[in-house]
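The values are calculated or read from the model by the stated rules, or taken from the named source; none is laboratory data. Worth saying up front: this structure is predicted, and the values here are computed from it rather than measured. Cβ: placed from backbone, ideal geometry, glycine included. Neighbour counts: every protein chain shown. The accessibility values were calculated without ligands, DNA or RNA, using every heavy atom of the protein model including side chains. Shrake-Rupley method; radii C 1.70, N 1.55, O 1.52, S 1.80 Å.
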Amino acid sequence: QKEVEQNSGPLSVPEGAIASLNCTYSDRGSQSFFWYRQYSGKSPELIMSIYSNGDKEDGRFTAQLNKASQYVSLLIRDSQPSDSATYLCAAGFQKLVFGTGTRLLVSP
Amino acid sequence: GAVVSQHPSWVICKSGTSVKIECRSLDFQATTMFWYRQFPKQSLMLMATSNEGSKATYEQGVEKDKFLINHASLTLSTLTVTSAHPEDSSFYICSASGGVSAGGEQYFGPGTRLTVT
C-alpha cells in the first residue's frame, strides 16, 4: 500500500513567521513530489513541484526533498493569514498518492 | 496557464437519475485526466484515471458501471454518475496532466458539488 503521511495539525503560526510542513512517503519508486494548497470548500491548487534531492525555492515557498529519508517538506516564509489552508503533499510518478493534509492557521 | 474548468459547479438531482460532469483543460493538452471525490474533512480519493481515446482505469472499489468516464479528446473528459443515490453526494474534482514529459503535474478543476435527494 503506497502511502503519504502528514500530520493533520492544525499548525498554528503567527503572521510573519516561517511555517514548516512535512510529509513522508512509502513508495521508493516515486519520482515526482508536489505540494497543493486547498482552501475550505475549494479544490486543490498546485503551489510547488520537486523532482530531485535538495531545495527548490519559489517566492515565499521552499520545497525540500530527501529521497534517502523519503521525506518532503514545505517552508512558507513570512506567513500571511491568507496562507491559512490545508496543505496536501503528493508523491508518485503519473498517478499521485495524496496525504490527508496539514491544516495551517496563520494568526494576525 | 494550466487552467482546468469543470461544469457544473454544483448540481442537485433526484435519487435514481444520472448526472454528467464535464472537465476541460483550457490551455494545454491533457494526455491523462483523473477523477477524485472528496467527503467533508477527508482527503482526496482517486476514483479513476483516463487517457484520451482509451478506457478508464478504475481504482479498487469504484464501480465502473456506476461511474462512467469518457475521455473523448485531449481537452475533455466526462464523468457520468448513473442511478445516483444519496450516498453518492460528494465533491467531485477532476485533474488534468500533460503527462510525465510535462513533469506529471496535475492541475485541478474547481470541483462539482453533487447532492442527491
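Within the accessible area of segment B:63-115, the carbon and sulfur atoms contribute 54%, probe 1.4 Å, all protein chains present. Ignoring lysines fewer than eight residues from A:Lys95 along the same chain, the ones with Cα atoms less than 25 angstrom from its Cα are A:Lys2, A:Lys42, A:Lys56, A:Lys67, B:Lys20, B:Lys41, B:Lys55, B:Lys64, B:Lys66.
Farthest toward the positive end of the dipole of chain B, out of B:Thr31, B:Met45, B:Ser89, is the Cα of B:Ser89, where the dipole comes from beta carbon charges about the Cα centre.
Taking the alpha carbon gyration tensor of segment A:1-63, multiplying each eigenvalue by 5 and rooting it gives semi-axes of 21, 16, 13 Å, largest first. When all alpha-carbon pairs of segment B:29-117 are counted, what percent fall beyond 15 Å? For segment B:29-117, the fraction of Cα-Cα distances above 15 Å is 58 percent. Shape annotation for chain A: C-alpha extents along the principal axes are 41, 28, 19 Å, from largest to smallest. At the residue level, B:Thr75 shows approximately 50 square angstrom of accessible surface with a 1.4 angstrom probe and all protein chains present.
Summing Cβ point charges (Lys, Arg +1; Asp, Glu -1) relative to the Cα centre of chain A gives a dipole of roughly 240 debye. For chain B, B:Cys13 have no disulfide-compatible partner, since no other Cys C-beta lies under 4.7 Å from theirs. Basic side chains Lys and Arg get +1 at the Cβ, acidic Asp and Glu get -1 at the Cβ, and with that the dipole of chain B about its Cα centre reaches some 240 debye. Counting only other chain Cβ atoms within 10 Å of each residue's Cβ, the peptide B:34-40 averages 2.
In the context of the full protein assembly, A:Arg37 retains an accessible surface of approximately 30 Å², using a probe radius of 1.4 Å and ignoring ligands and nucleic acids.
Averaged over peptide A:98-108, the number of partner chain Cβ atoms lying within 10 Å of each residue's Cβ comes to 2. The mean number of partner chain beta-carbon atoms within 10 angstrom of a residue's beta-carbon across peptide B:42-49 is 4. When the residues B:Thr80, B:Thr32, A:Thr24, A:Thr100 are ordered by accessible surface, computed with a 1.4 Å probe over the protein chains alone, the sequence from largest down reads A:Thr100, A:Thr24, B:Thr80, B:Thr32.
Of the three principal axes defined by the Cα atoms of the protein assembly as shown, the extents in descending order read 50, 37, 34 Å.
Charge dipole (Cα centre; +1 on Lys/Arg Cβ, -1 on Asp/Glu Cβ; no other charges) of segment B:63-117 amounts to roughly 100 debye. In the full protein context, chain B carries 48 Å² of accessible surface per residue, based on a 1.4 Å probe and ignoring ligands, DNA and RNA.
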